[in-house]
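One structure is given here, and the rest of the page talks about it.
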Amino acid sequence: MSLEAFRSHLGATAPDVPCDAEILRGESSPLSRPLRLRSMVVGNRWAVQPMEGWDGTPDGSPSDLTLRRWRNFGESGAKLIWGGEAVAVRSDGRANPNQLVLAAHTLKGLAKLRRTLLDAHSKRFGSTRDLLEGLQLTHSGRFSQPNEDNRLQPRVAFRHPILDRHVGVTRDEQVLTDGEVADLIEDFVVAARHAQELGFRFVDIKHCHGYLLHEFLGAHTREGRYGGSFENRTRVLREIVEGIRREAPGLEVGVRVSIFDIVPFRPDPSASSGTRLGPGVPEDFSKALPYRYGFGVDENDPRRHDLTEGRRFLQLLDDLGIRLVNLSAGSPYYNPHMQRPALYPPSDGYDPPEDPLVGVARQLRVVRELKGEFPDLILVGSALSYLQDYLPHVAQALVRDGWMDVVGIGRMVLAYWDLPADVLEKGELQRNRVCRTFSDCTTAPRNGLVSGCFPLDHHYSSLPDAAKLKEVKRAAARKP
């Protein structure tokens, strides 16, 4: 598709989303403008989003694959490394048995990981003075899978009428008690202190994608001090931040949040046949109304999002002095078409129920709306990889027109890690490296393999996991 054809399609699908005709280079580009965060300077408007590689060691330390990925992040040209990786604050909160863990026994490996990032950036760009790097701290909650047996071991904030049956929540004992939540808060604080000791300049307290702290934001039906009212549902965050300010003074805090959500989706069984999944349709929620099981959801029609509490949450972050905010939406587990729009679904997903460009525009409009209401927050936007060859044309216009402060890229970085550098230095892309949203980087870990760009990165296509991934996809295609 030519740029002219893309702009025509964008104009018909999302006419308000801007797209520049030319990629500007160097200081003439809005994407090259530095950004100030208190005494720190972020050298441009590109951010590497946090991703789980499924490639750490069993004890939670980085492997050679993890180091390679972070080396690539350092060479990317992005000046904000938003965690680079989701790191569990304790072993039983890992989303997979090879996720990184931030604990005393992994500090040596994580120090090497950060040094690999900084050395690569310094070698490529001459300095790290304007590079801001952090770690994303997480507990996977409902989606915890910490052991090699590949079984989910969920711990949840509340019982969910739809998601419980998908992840094996059958007993109230799987809901964390208030005492267990207090212990978890301390785990986050200790992990943040370790991150500061390692030299990271900020931590992200992860509140997105259905993981535990995101789930607490939607714990309307939970009783006790961590559920019910908005004040109670945000108490976990407030107590973590209070602890970090006490135990790690000077460490910057950011939050990546799914600022809105909708009901879980599934493939339409009436349309599934042969080698195709059905398009996504909402799960039956008729017996769960009013829908009080999420954050940023219209409780009367959970197929729709609602930003009312999202606004309250951003105001809370502002009141807490948190300026770094990364906006996402939904979850890759239960509504991936909204969370990361793609043409090709992962093996356990569904065909897109809408033009993925609609999903991109939805997230962009929300960021623009909230940026207008919270001008002092530094807002990072997400869900841009589907734009593919035209990501820089749109990203440049978004930053220039004030839709967002920083452009976050995730899956795109796995395929084409130095895209930001090429955009700013050359004003053009290596099109044979552009992510085409095949979703292999999701299908692989869903089946216990490492996450990477198998179609476009030769390092991954040459791994034994590449052959296993092909067989997984063939087996999925053979299912009736």
Using θ = phi - 60° and Karplus 6.51 cos²θ - 1.76 cosθ + 1.60, couplings along the range 102-116 (whole Hz; Gly, Pro as x): 9, 8, 4, 7, 10, 4, 4, x, 6, 5, 5, 4, 5, 5, 4
In debye to the nearest 20, how big a dipole does the range 3-435 give about its Cα centre with +1 on each Lys and Arg Cβ and -1 on each Asp and Glu Cβ? 780 debye
On the Cα set of the chain, report Rg and Dmax in Å, please. 20.9, 59
Given that compact globular proteins tend to follow 2.2 N^0.38 Å, what is the ratio of the alpha-carbon Rg of the range 139-182 to that value? 1.12
Rounded to the nearest Å, the spacing of the alpha-carbon centers of the range 215-229 and the range 362-388 is 27 Å
Antiparallel DSSP bridges in the chain: what percent, to the nearest 5? 20 percent
Sorted by chain and then number, the residues having a modelled amide H within less than 5 Å of the amide H of Asn326, at least 5 places away or on another chain, are Val255, Arg256, Val257, Val380
Going by C-beta contacts inside 10 Å, put Met1, Met51, Met40 in order with the fewest on the left. Met1, Met40, Met51
How about the range 82-189: which GluC sites (Glu not before Pro) there are in a DSSP loop, with at most 12 other Cβ atoms within 10 Å of their Cβ? Glu148
Less than 25 Å apart at the alpha-carbon level, and either on another chain or at least 8 residues along: which lysines does that give for Lys468? Lys479
Lysines whose Cα lies under 25 Å from that of Lys426, excluding same-chain neighbours fewer than 8 positions away: Lys79, Lys123
What size of dipole, in debye to the nearest 20, comes out for the range 102-251 about its Cα centre when the only charges are +1 on Lys and Arg C-beta atoms and -1 on Asp and Glu C-beta atoms? 580 debye
Output wanted: per-residue J couplings in Hz (rounded whole) for the range 397-414, from phi through Karplus 6.51 cos²θ - 1.76 cosθ + 1.60, θ = phi - 60°, x for Gly and Pro. 5, 4, 5, 4, 8, x, 5, 8, 8, 9, 9, x, 10, x, 3, 4, 5, 5
Charge tally in the Cβ shell below 13 Å around Leu213, where Lys, Arg are +1 and Asp, Glu are -1, Leu213 excluded: +3
Local electrostatic count, Thr442, Cβ distance below 10 Å [Lys/Arg +1, Asp/Glu -1]: +1
So how do Arg165, Arg90 line up by other beta-carbon neighbours within 10 Å, fewest first? Arg165, Arg90
Hey, got a sec? Which GluC sites (Glu not before Pro) in the range 329-396 land in a DSSP loop and have at most 16 other Cβ atoms within 10 Å? Glu354
How charged is the neighbourhood of Leu456? Take every other residue with its Cβ under 9 Å from the Cβ of Leu456, and add Lys/Arg as +1 and Asp/Glu as -1. +1
Placing +1 on the Cβ of each Lys and Arg and -1 on the Cβ of each Asp and Glu in the range 15-87, which of Val41, Trp54, Ile81 has its Cα farthest towards the positive end of the resulting dipole? Val41
Tensor-based shape of the range 25-126 (alpha-carbon gyration tensor, a/c under 1.5 rounded, otherwise prolate or oblate): prolate
Shape verdict for the range 34-193, please, from the Cα gyration tensor: rounded (a/c under 1.5), prolate (a/b greater than b/c) or oblate. prolate
Per-residue ellipticity at 222 nm for the chain, helices alone: DSSP H runs ≥ 4 residues times -39500 (n - 2.57), over residue total, nearest 500 deg cm²/dmol? -10500 deg cm²/dmol
Integer Hz, Karplus 6.51/-1.76/1.60 couplings in order for the range 91-96, x for Gly and Pro: 4, 6, x, 6, 7, 7
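The numbers here are math on the coordinates, done by the rules we state, and not lab data. Since the model is a prediction, treat every value here as computed from it, not as a measurement. Reconstructed Cβ throughout: ideal geometry from the backbone, glycine too, with neighbour counts over all protein chains shown.
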